[in-house]
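> Here it is: the structure, laid out below.
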Amino acid sequence: MAETLFIALIFRSSRFVFKLMLAKEKMFRVLKGTNYFSMSDLTDMPVHIRFRLSALWTSLMLCYIYCDYFHLFVPGHIESLIQGKSVGGPISPAKLVAFAVMMSIPALMVALSLILPSRWSRMLNIAFGILYTLIMIAVASMFIGEWYIFYSYFAVIEIALSVTITMLAWRWSKTV
């Protein structure tokens with residue numbers, strides 16, 4: 001009696017395991033058809049333009065941050081900040097607010113490129129892409145000299161990023 005019960009239990013559990021194996025094999029075939037398991041296949045997945053724009057704004061912000069950080073190492077820069085001087089003259093509360101607004105827009109565009117309706121996202125990416133390209137050209141022309149080679153390097157990257165943002169947004173389907 002115990003042997004019969006044991007054999008029946010093994011038979012039932014083996015049927016259950018067999019069904020699990022079949023389900024796993026079926027799932028594997030479905031996923032394999034979607035290239036989920038294909039590691040040797042180097043085809044790229046299409047990336048939606050919203051994610052590309054957001055990534056470009058993120059890269060642009062990181063370049064701004066690192067460039068400003070490296071600017072602190074230029075001899076005399078920290079002393080001029082302590083004395084309340086900046087490139088455009090004395091530092092004032094209004095000037096700090098203007099700088100804060102200017103730097104918050106690219107940071108906000110990281111998220112806004114993803115969450116705004118398509119039409120608004122496209123328009124803002126074009127407008128701010130052009131604006132920040134022009135700002136960077138103007139700022140880069142003020143920093144020329146031996147200690148500002150790093151600034152020129154970052155300026156080229158930042159201009160390329162903002163132009164790319166503008167071009168991608170411009171080419172974004174105009175039917176959105």
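Nothing in this text is a laboratory measurement; each read-out follows from the coordinates by a stated rule. Worth saying up front: this structure is predicted, and the values here are computed from it rather than measured. Cβ: placed from backbone, ideal geometry, glycine included. Neighbour counts: every protein chain shown.
> Condition test on Tyr132, is it in a helix (DSSP H, G or I), in contact (Cβ under 8 Å) with a residue 60 or more places away in the chain and more than 18 Å from the chain's Cα centre (by Cα)?
Judged against the criteria, Tyr132 is not a match.
> Could you look through region 83-142, keep only residues that are closer than 21 Å to Trp170 by Cβ and among the charged types (D, E, K, R), and pick out the one that is surrounded by the fewest Cβ atoms within 10 Å (Cβ to Cβ)?
Arg119
> For region 143-162, which positions are aliphatic (A, V, I, L, M) and surrounded by 14 or more Cβ atoms within 10 Å (Cβ to Cβ)?
Scanning region 143-162 gives Ala155, Ile157, Ile159, Ala160, Leu161.
> Just for region 135-154: of the residues that are hydrophobic (A, V, I, L, M, F, W, C), in contact (Cβ under 8 Å) with a residue 60 or more places away in the chain and in contact with a helix residue (DSSP H, G or I) (Cβ under 8 Å, 6 or more places away or on another chain), which one is nearest to Ile65 (Cα to Cα)?
Among those that are hydrophobic (A, V, I, L, M, F, W, C), in contact (Cβ under 8 Å) with a residue 60 or more places away in the chain and in contact with a helix residue (DSSP H, G or I) (Cβ under 8 Å, 6 or more places away or on another chain), it is Phe154.
> Among the candidates Ala138, Ala111, which residue alone is over 15 Å from the mean Cα position of the chain (by Cα) and not polar (S, T, N, Q)?
Sole residue among the options that is over 15 Å from the mean Cα position of the chain (by Cα) and not polar (S, T, N, Q): Ala138.
> For region 44-87, what are the residues that are aliphatic (A, V, I, L, M) and under 20 Å from Met102 (Cβ atoms)?
Scanning region 44-87 gives Leu53, Leu56, Leu60, Met61, Leu62, Ile65, Leu72, Leu81, Val87.
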